[in-house]
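Reading through the structure tokens given below for one structure.
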Amino acid sequence: MMDDKNRIGFLFTVVGCVAGVVSAFMTGTVPMPLIIAISAGFCYVSAYFAPFFKVDVEAYGGKNKLLRSVVFGFIQGWLVLWFLVYEAFGLYA
């Protein structure tokens, strides 16, 4: 069984991966600032799903502190999947 810290890190990394795939397919058709805003929205909204994964948000000091502690896991998943999907499907052409 995973503890809260691992569980929440995994949640945000997976959400970042999903946002990366969505961002890869939007690249070229949607302006880049809007893609970044949508991805940031994915990160922000996923904080509301933390209680469904039995994570005590108040133990982290609230939603804002939780987001600050997991943002790098989100960005990692987002950028890696964005790049891989963008290159693998040849979306640059």
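Brief remarks on what is shown
- Complete set of residues in the stretch 74-93 that are modelled with pLDDT of 90 or more, open to solvent by 100 Å² or more (accessible area, probe 1.4 Å) and over 15 Å from the mean Cα position of the chain (by Cα): PHE89
- Condition check for VAL55: surrounded by 17 or more Cβ atoms within 10 Å (Cβ to Cβ) and outside any helix (DSSP H, G or I): yes
- Sole residue being in a helix (DSSP H, G or I), among the aliphatic types (A, V, I, L, M), in contact (Cβ under 8 Å) with a residue 24 or more places away in the chain and open to solvent by less than 50 Å² (accessible area, probe 1.4 Å), chosen from VAL18, VAL71, VAL14: VAL71
- Test: TYR48 is of a type in the set (Ser, Thr, Tyr) and either within 18 Å of TYR86 (Cα to Cα) or in contact with a Ser or Thr (Cβ under 7 Å, 6 or more places away or on another chain) (or both): no
- Residues of the stretch 60-93 satisfying the condition of being among the aliphatic types (A, V, I, L, M) and in contact with a Leu (Cβ under 9 Å, 6 or more places away or on another chain): VAL70, VAL85
- The number of residues in the stretch 21-43 that are surrounded by fewer than 12 Cβ atoms within 10 Å (Cβ to Cβ), among the hydroxyl-bearing types (Ser, Thr, Tyr) and in a helix (DSSP H, G or I) comes to 0.
The values are calculated or read from the model by the stated rules, or taken from the named source; none is laboratory data. Since the model is a prediction, treat every value here as computed from it, not as a measurement. Cβ atoms come from the backbone with ideal geometry, glycine included; neighbour counts cover every protein chain shown. Accessible surface areas use protein heavy atoms only, side chains included; no ligands, DNA or RNA. Shrake-Rupley method; radii C 1.70, N 1.55, O 1.52, S 1.80 Å.
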